[in-house]
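First the structure, in the form of structure tokens, and then the observations on it.
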Amino acid sequence: MSAPVPMIAGNWKMHGTAAALAEAQQVAGADLPAGVRVALCPPATLVERMSRTLQGGPVLVGGQDCHPEPQGAHTGDVSAEMLAEAGAKLVILGHSERRAGYGESDEVVAAKVAAALRAALEPVVCVGETLAEREGGKTLDVVTWQVRRSLPEALSARPFTVAYEPVWAIGSGLTPSLGDIEEVHAAIRETLVEKFGEAGARTAILYGGSVKPANAREILALPEVGGALVGGASLKASDFLGIIGAAGAR
Ligand code: 13P
């Protein structure tokens, strides 16, 4: 059984106009460690340009969300097929900012995952507890429940990635203790193997939430942490490269 291939993915969220492509070029042009997958997920408006700019290089480009349908009367939405045509290879789905801000349920996330597969995009599916859920001792229940319900059976035959992002750690500068991260990742692994067998053992489980060059090394060294999903620190090439370097040093 092969071990998961580590990935460092940057989620630019609603940041970045054409000028920011220089940061992406700097990342792609750096001496990246072998054996680490690197991805950048810019706003939808930049997916095509970034894909063209980075074409043939080591950095994968991804979207941040997609609609479950391939096309239709859905003002403001983008389909998985559109992202794929623009050059995306993967798509972040079920981010807590979408779950909380747009009321996305696990069922909606699962439909989006199915859409990503239809368009041959690799889904990066996010799960994570709120502060109230953590304080209420519900973290493992919430996270494993989200994993079970957000990931459709069809995934067993396709590459996919899971990202554990505690909602309260996103953009706050706070992170769970290393022991807490380890505990949640172990529970996610167990759930993935239960649900998908060997495919669940091969899936990389990323940690996300206030990952910086200064804390990346200790987080990435934890068992079952197969990389990071990085928000703020992915906007600056030097910070993002620091985190990628920490993954290479694992
Ligand atoms: P920060 O790294 O800015 O905390 O964001 C994490 C995140 O939400 C990545 O998807």
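The values are calculated or read from the model by the stated rules, or taken from the named source; none is laboratory data. A quick note: this is a predicted structure, and the numbers were derived from the prediction, not measured. Quick reminder, even Gly has a Cβ in these numbers, built from the backbone with ideal geometry, and neighbours come from all protein chains shown. What goes into the accessible areas is simple: the full protein's heavy atoms, side chains included, and nothing from ligands, DNA or RNA. Shrake-Rupley method; radii C 1.70, N 1.55, O 1.52, S 1.80 Å.
Remarks
- Label-to-label distance, nm, for residues given as ASP141 and GLU198 (7 Å Cα→Cβ offset): 3.6
- With a 1.4 Å probe rolled over the protein heavy atoms of all chains, the accessible area of LYS138, LYS13 falls in the order LYS138, LYS13, largest first.
- Count of lysine pairs in the chain with Cα separation under 26 Å (8 or more residues apart, or interchain): 12
- Stretching SER177 away from ALA120 to a fully extended chain increases their span by 16.9 nm, per 0.36 nm per residue minus the current alpha-carbon distance.
- Stokes-Einstein diffusion of region 103-146 at 25 °C, 0.890 mPa s viscosity, Kirkwood radius from Cα pairs, rounded to a whole number: 210 µm²/s.
- Per residue, region 1-61 exposes an accessible area of 51 Å² to a 1.4 Å probe, with every protein chain left in place.
- The distance from the alpha carbon centre of region 203-250 to that of region 59-111 is 23 Å, rounded to a whole number.
- Taking 0.36 nm per residue of separation and subtracting the current Cα-Cα distance, fully stretching the chain between ALA73 and ALA18 would add 17.0 nm.
- Computed with a 1.4 Å probe over protein heavy atoms only, the accessible surface of region 131-214 comes to 44 Å² per residue.
- Charge dipole magnitude, Cβ of K and R +1, D and E -1 - the chain, Cα centre, debye nearest 20: 520
- The mean of 1/r over all pairs of different alpha-carbon atoms in region 72-184, once inverted, gives a Kirkwood hydrodynamic radius of 14.9 Å.
- Comparing LEU90, LEU21, LEU151 in a Gaussian network model of the chain where C-alpha atoms under 10 Å apart are linked, the largest mean-square fluctuation is found at LEU21.
- For the pair ARG250 and GLU190, label points projected 7 Å from Cα toward Cβ lie 2.1 nm apart.
- Percent breakdown of C-alpha pair distances by 5 Å bin, ordered from the shortest bin, for region 141-194: 4, 16, 28, 22, 16, 9, 4, 0
- Of the solvent-accessible surface of the chain, computed with a 1.4 Å probe over protein heavy atoms with every protein chain present, carbon and sulfur atoms account for 53 percent.
- Gain upon complete extension [VAL5, SER156; 0.36 nm per residue less C-alpha separation]: 52.7 nm
- Evaluated at q = 0.17, 0.21 Å⁻¹: base-10 log I(q)/I(0), Debye formula over Cα of region 120-250: -0.87, -1.26
- Distance histogram for region 6-104 (every C-alpha pair counted, 10 angstrom bins, percent rounded to whole numbers): 15, 48, 29, 8, 0
- Shown here are the Rg and Dmax of the Cα trace of the chain, at 16.6, 47 Å.
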